[in-house]
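I have placed the structure first, in the form of structure tokens, so that the comments after it can refer back to it.
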Amino acid sequence: MPPAQAPVTGKASTRSWLIWLTASLVYLLAVFHRTSFGVAGLEAADRFGVGAAALSTFTVLQVGVYAAMQIPTGVLVDRYGPRRILVAALLFLGLGQVLLAVATSYGLGLLARGVLGFGDAMTFVSVLRLVAAHFPGRQYTVVASFTSAMGFIGNLAATVPLTLLLAGPGWLPTFLAAGLVTALYAGVVAARVKDTPAGHAATPVAVDRRELLRQIRFAWRVPGTRLGFWVHFSTMFAPNVLALLWGVPFLVQGEGMAPATASALLTVFVFGALLGGPLLGAVTARRPELRMPLVGSYLGGAALVWALLLSWPGSIPVAVLVPCFAFLSLGGPASMIGFALARDYNPLHRVGTATGVVNVGGFVATTITALLVGVLLQYTDSFRIALLAVVVMLALGTTRMLVWWRRARAELFAAQARGERVPVQVHRRPWDVPEETPLPAAA
């Protein structure tokens, strides 16, 4: 277990809460920019003259850049401090959205979404690193859930309000204003956010490439980090795929709904996560031993939901879609458990790196699934067939998560036997690794 960890108990100051609020608004803006294609996808297809596979490339590129940058971002946050990284993130987000506003060619549009993905990648890990420094361990999951809820407010702004703005002022004024506001907010963050409760900024430390790779390798070798990766991979990608790109096309072209109705239905993901996130965070903060059973319950329920949606005869009624989307929306809050695992099983100086490793999981799954849906849709012209890609990825992620849950529990048993402090007390079950059996090498 980590020898140097953030405080477990205590109370955060009002100043820390204000710093968190300022930083979490960066994440709100990032999610707004990230999910804007969820309702702008059809307009983008007309603007750039592309089909389903090419349209999916926008999201694949953006989310792929995001996923690729998660581990480097974690290392940069640990090295330079979250305040500097958040300022850089806002400038990249603003630049990307301005480029998208003026883009009329497919190539420039792709570049804009790539820049947006680069800026987006720097936000969430930075905010969680601030949370780890400013808040005691017992509050970490709750505050992380509040952070996620702020992101869903950004998601909400990118549904019906953005649809109305695109139908009114239009593409150029809407995205240009969003980009400029985002860039200007960098000044607020630079002035108000502090890296530590004492107000000290992180001092940049020269670290060679070998040391950086060592930091990443150590984080990846921790079974709790690997478990967090697969929890994140399994829980958050499906609602992401619908909210980021394929939700509105599925409902409009696949189910015959009006665009306004379809974008309104996507708000179910927002309100479900807004309500479920803080509730799940509060429960797991009080009862951390329930974290993995809750994840397992969600994944089992998600499998049933997708079986219902993809096997429904004819058009799916709104009365069925709403509860199904509401349940799937809990994947975002459930994915926060992955970050809590990274925080619990790593020393504080490596939490940023471990958080970046975990955050790669869900966005790798999102990237692969969004691309597969687009390719399958191009060849079959059937959303029911194309969305089978979600089921395949769900099965893969769940299988790997179960493997690493078992290994992480074995590590806890070993630590308990040595008399070390552990984040969760566990009791042996029939499916646990036998006490005398050595663990296999990390895969």
Scope segment 162-182; condition surrounded by fewer than 19 Cβ atoms within 10 Å (Cβ to Cβ) and either closer than 17 Å to L25 by Cα or small (G, A, S) (or both); matching residues: A167, G168, G170, A177, L180, V181
When you go through (1) charged (D, E, K, R); (2) in contact with a helix residue (DSSP H, G or I) (Cβ under 8 Å, 6 or more places away or on another chain); (3) modelled with pLDDT of 85 or more one by one for R34, which number turns out not to apply? (3)
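Do we have A238 as surrounded by fewer than 24 Cβ atoms within 10 Å (Cβ to Cβ) and assigned to a helix (DSSP H, G or I) here? Give the steps one after another, and end with the answer.
Numbers: surrounded by fewer than 24 Cβ atoms within 10 Å (Cβ to Cβ): no; assigned to a helix (DSSP H, G or I): yes.
For A238, the condition - surrounded by fewer than 24 Cβ atoms within 10 Å (Cβ to Cβ) and assigned to a helix (DSSP H, G or I) - is not met.
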Checking G374, G281, G277, G356 in turn, the sole residue that is within 16 Å of V125 (Cβ to Cβ) and either buried (at least 24 other Cβ atoms within 10 Å of the Cβ) or under 14 Å from the mean Cα position of the chain (by Cα) (or both) turns out to be G356
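The values are calculated or read from the model by the stated rules, or taken from the named source; none is laboratory data. A quick note: this is a predicted structure, and the numbers were derived from the prediction, not measured. Methodologically, a virtual Cβ is constructed for each residue, glycine included, from the backbone with ideal geometry; neighbour enumeration extends over all protein chains shown.
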